[in-house]
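What follows draws every value from the coordinates through simple rules; no lab data is involved. As the structure is a prediction and not an experimental result, all values here were calculated from the model. So basically every Cβ, Gly included, is an ideal-geometry build from the backbone, and we count neighbours across all protein chains shown.
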Amino acid sequence: MENFTPITSFIGGLLIGVSTSMLILFMGKIAGISGIVASLLQFKNTPKGHYMWRLLFIAGLLISSTVYQVFSPLPAPEISASTTTLIVAGLLVGFGTKMGSGCTSGHGVCGLSRLSLRSLIATISFMFTGFVVCYLMLHVV
Amino acid sequence: MKNIITFSAGLIFGLGLIISGMTNPSKVIGFLDLAGKWDPSLAFVMLGAIAVAFFAFRKAESKGTTIFDETIHLPAKTHITKELIIGSMLFGAGWALAGFCPGPAIVALGAGYLQALIFVIAMLAGMAAHEYLYKK
């Protein structure tokens, strides 16, 4: 457990909670990243203002590492997946979140905060599958 | 004003992901690896986020409108469908394979990591594929 970081992880979580709260209280929107991204791929019959807030939110995400670096060196992500694995994983994440209407943010944070049964079932489904696939990947294959 | 709030929300979300460790795929995989040297840190991310957001959603739902007196858009679906479960399972599999979920992948893309770019392009393709197969 030498990598155990409950305090920084909790603080990071609080910030995610603050962001989610800003979006629902000021904008009336759900901070579900997969949904926000997927909606940017819709080009037909989109209402006025469909793109603006989504693009701004994504822009904030994209710039966050640069802002972080102003204060502290950016922790380098350790990515062990091969290019092929990244492609397969990306396809699964894109297809799966669209089919299941959400990801870790939409179901895991927003949905559980709203006490949504649908999101609880979704969160259990992706967590359980994540545990199983991780076991297979690291200890079986 | 609203544009500044939305952009700031994205920025704060991204900073939260970086500080929490969610943007490090090996940390995500360490969290999912129950049988290995399990690192439960990321459970604290969800705890922290829900500890704040729970109250925001209660406030939003009791008030019914935003601070600017505008409509709140909450998901209307309530049924547990096979799409919900199968889709979430597919997502969970992809999440474990690469250690990326959508938010952290976009943050890592912003930091200029080629692997994140590959993942995000594949993710967009996966979303587009679903849109194409299940055209309404």
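Here are the numbers for this structure:
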quantity	calculated
Length-normalised contact order for chain B - Cα pairs under 8 Å, 6+ apart - percent	26 percent
Cβ-based exposure ranking for A:Leu56, A:Leu120, in which fewest neighbours within 10 Å come first	A:Leu120, A:Leu56
Low-density loop cleavage sites - GluC sites (Glu not before Pro) in the range B:49-109, where at most 16 other Cβ are within 10 Å (DSSP)	B:Glu70
³J(HN,Hα) computed for each position of the range A:95-107 - Karplus, 6.51 cos²θ - 1.76 cosθ + 1.60, integer Hz, glycine/proline x	5, x, 5, 5, 5, x, 6, x, 10, 4, 7, x, 7
Volume in Å³ per residue [convex hull over Cα atoms, computed for the range B:2-133]	158 Å³
Per-residue average of Cβ from other chains inside 10 Å of B:33-39	5
3J(HN,Hα) from dihedral phi, the range B:73-82, Karplus parametrisation 6.51/-1.76/1.60, rounded to Hz, x for glycine, proline	9, 9, x, 8, 5, 10, 6, 8, 10, 5
Residue-wise HN-Hα coupling along the range A:128-138, computed from phi with Karplus coefficients 6.51, -1.76, 1.60 (Hz; x: Gly, Pro)	4, 5, x, 4, 5, 5, 5, 4, 4, 5, 9
Mean Cβ neighbour count within 10 Å, used as a protection proxy, ranking B:16-22, A:5-11 highest first	B:16-22, A:5-11
Evaluated at q = 0.11, 0.13, 0.15, 0.22 Å⁻¹: base-10 log I(q)/I(0), Debye formula over Cα of the range A:6-140	-0.51, -0.72, -0.97, -1.56
Loop-resident sites, the range B:1-46, for trypsin sites (Lys or Arg not before Pro), counting at most 10 other Cβ within 10 Å (DSSP)	B:Lys37
Cα-based Kirkwood hydrodynamic radius, the protein assembly as shown, one decimal, Å	18.3 Å
